[in-house]
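Read-outs throughout are calculated quantities, based only on the coordinates presented, and are distinct from any laboratory measurement. Bear in mind that the values here come from a model prediction, so they are computed numbers and not experimental data. Methodologically, a virtual Cβ is constructed for each residue, glycine included, from the backbone with ideal geometry; neighbour enumeration extends over all protein chains shown.
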């Protein structure tokens, strides 16, 4: 196992601890562990590309770790009423749609390139920034009112989540249509 894959695996294995920290309201520890997870996400990609250490397992493991991290953190923050339930449902539903579509395509034998869309990269970034902002409000900036910034980010996360999910859905429908035509 190379360094980028080890970083990704470490991020994945840190998720249960992070969820426990959020649910137990160890806010400062949860904040810094989430920051470390974000840094490891940036580092694994940078190292893999820069030093030609990209692997097939890394291509699959990295997005899985990202999805597990985001879904788990949003569920925990929703459970502690730090993020509204409607936004948690939206974020989780999009990731279920993406994973479900990949499983369906694989089951049908449809080849699909695993390549994130630009809107999905923006969406993931916005989701991460919102988590940092929400966690920062209860830890490092207890005296600062960040509600207006949070509200703005809720809207950005909701909009990019809807756009991203719709884009993936349209891509899969088109690819399945092509596959159905090829199968005749």
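Annotations
- Residues 26, 34, ranked from the fewest to the most other C-beta atoms within 10 Å, line up as 26, 34.
- Degrees, to the nearest 10: 118-138 long Cα axis against longest axis of the chain: 20
- From its DSSP helices (H runs of at least four residues, each -39,500 (n - 2.57)), the chain gives a residue-normalised ellipticity at 222 nm of -29000 deg cm²/dmol.
- Near-label residues of the stretch 152-184 by backbone N, under 15 Å of a point 7 Å along Cα→Cβ of residue 115: 168, 171-172, 175
- Cα centroids of the stretch 65-122 and the stretch 168-184: 21 Å apart.
- Exposure proxy order (Cβ contacts within 10 Å, fewest to most) of 1, 53, 128: 1, 53, 128
- Residue 105 paired with residue 167, simple spin-label distance in nm, labels 7 Å along Cα-to-beta-carbon: 1.4
- Computed over the chain, relative contact order equals 26 percent, with contacts defined as Cα pairs under 8 Å that lie 6+ residues apart.
- Helix 147-183 axis, angle to the chain major axis (alpha carbon atoms, nearest 10°): 10
- Helix 56-79 and the long axis of the chain differ in direction by around 40°, with both axes built from C-alpha atoms.
- Answer label for Rg/Rh (Cα atoms, Kirkwood Rh) (calculated), chosen among (1) 1.00; (2) 0.98; (3) 0.93: (1)
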